[in-house]
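I have placed the structure first, in the form of structure tokens, so that the comments after it can refer back to it.
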Amino acid sequence: MSSPLDQASLNQLFVEARSHNDFHDKAVTPEQITALYDLMKMAPTSANCSPARFVFVTSDAGKQRLLPFLMPSNQPKTQAAPVCVIIAHDSKFYDLIPQLFPHDPGAREWFTGREEFAAQTAMRNGSLQGAYLCWRPALWVLMLGQCQGLMHRASIRNFSPTAGSKAISCAISAMAIWRLCLLARRALPLTRPVRLSNQSSGQPVLLACDTTQGACSVALRKNGEIISDLQVMTRGHAEALMPMIERLCEQAQIPMSQLQRLAVTHGPGTFTGVRVGLSAMRGLALALKVPLCAIGTLHAMAAAAAPSDQKLIVAVDARRDTYYTQVFDGQNQPLSAPQACSLAALESLLPDAAIRVAGTGASALCAIDGQRFSALDIAAYPHAANVLRLAEALSDETWASISPHHEPLYLRPPDASLPNPDKQLRRLNDG
């Protein structure tokens, strides 16, 4: 540091800084948003871990969904503010440590398998980065108002497409920043890590998507950043997927022609959902002449869980006493292939020891033995951000040898059946 700040700067940051309840109707440009982000991300954190994640909520519908988590006295200014910011931290922040802290190749191992230590590190440094966000607008004489409230893990997932995000606290999480707006007015905007290494990560630009279960999600990485979007839905994936990809590329300022690798979940899942994602990404891979890898749906769901000393079973209720299941180790790596089985058969296949369970079938297993099975508080559907991480773990040699032809993974025949021509002939003859 060459010289201390002058008193006027110190006053602007600390002495004269106030929380505001009213906001002027004056826009802040996307360029200012980018400049704010680029300045904020350079502030220091432990080992440059940068666990904070930001969600900018700009639409009236999105702000309306924030209100139940706020004190009544803070609700009016949250509604009035052109943008609210949710600040959370990523429980798997250490996956980016190799890019953010390349000085120590073993730094990621400080946190893997040490869930409590990782959680404390994420909380402390995520809160610190929330404070940095408070300071940066003040440097440009932008006004902000802080709100009080709390969002638990299930609720933050409804806003944030980043897998593993947890809310910090409302003192920072529902922050109304004066006319801080993104390029598009959307209730579920994009989320990105707070800071990157000054050097490019050199990773290929990879786009991932999932449409196999109760959500449609897309994610890509550019220069170390994961940018993602998710919409919860039970139908409409075919109509939603390509517009979501286009918006994601536009937000990241990456033309589709610059995508270098693609990844998609190929099942098990709903018959229509599996076909939608796989066919769309096949077509994109063919048009762009880039490799496409297929990731198992249940593996992508398991990737959202924190490491543990217990095994994990992902069980998806496929109805008619059928469950799509797969067993994973404590690091969420597959121990078995996906299979379809009844609840009784599933329960008999599992070890007597305590085991974690996830997916829409978790409640059924816990009802059998609540001591043996413990349900995880993770989404009951995959997220493209985890699909992307699993695809990135593949070696360059694997990518070079990937077959362009991927088949959907169906574990049972479709419920629908073709008409019986003999019956149709009989009806015609009877007529």
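The numbers here are math on the coordinates, done by the rules we state, and not lab data. A quick note: this is a predicted structure, and the numbers were derived from the prediction, not measured. As a convention, Cβ positions derive from the backbone with ideal geometry for all residues, glycine included, and neighbour counts pool all protein chains shown.
Per-structure values
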| item | result |
| --- | --- |
| 19 Å cut-off, amide nitrogen to a point 7 angstrom out along Ala238 Cα→Cβ, residues in the range 255-272 | 265-267, 269-272 |
| Computed label-point distance, nm, for sites Ala43 and Asp104 using a 7 Å Cα→Cβ extension | 2.3 nm |
| Extension gain (nm, one decimal) between Gln203 and Asp6, 0.36 nm per residue minus Cα-Cα | 66.8 nm |
| Net lengthening on full extension, Gln371/Arg320 (0.36 nm per residue, minus Cα-Cα) | 15.8 nm |
| FRET efficiency for Leu394 and Ser279, using Cβ-Cβ distance with R0 set to 35 Å, rounded to 0.05 | 0.95 |
| Mean Cβ neighbour count within 10 Å, used as a protection proxy, ranking 100-111, 38-49 highest first | 38-49, 100-111 |
| Pairs from Lys41/Lys311; Lys289/Lys311; Lys77/Lys222; Lys41/Lys92; Lys41/Lys289 whose Cα-Cα separation, in the structure shown, is over 29 Å | Lys41/Lys311; Lys289/Lys311; Lys77/Lys222; Lys41/Lys289 |
| Pairwise FRET efficiency - Ser73 versus Leu286, Cβ, R0 = 51 Å, nearest 0.05 | 0.35 |
| Gained length - Arg114 relative to Glu250, 0.36 nm times residue gap less alpha-carbon distance | 45.2 nm |
| Dipole of the range 305-375 [Lys/Arg +1, Asp/Glu -1 at C-beta], most positive-end residue of Leu365, Thr322, Pro307 | Thr322 |
| Cβ-derived FRET efficiency at R0 30 Å, Ala61 paired with Thr272, nearest 0.05 | 0.65 |
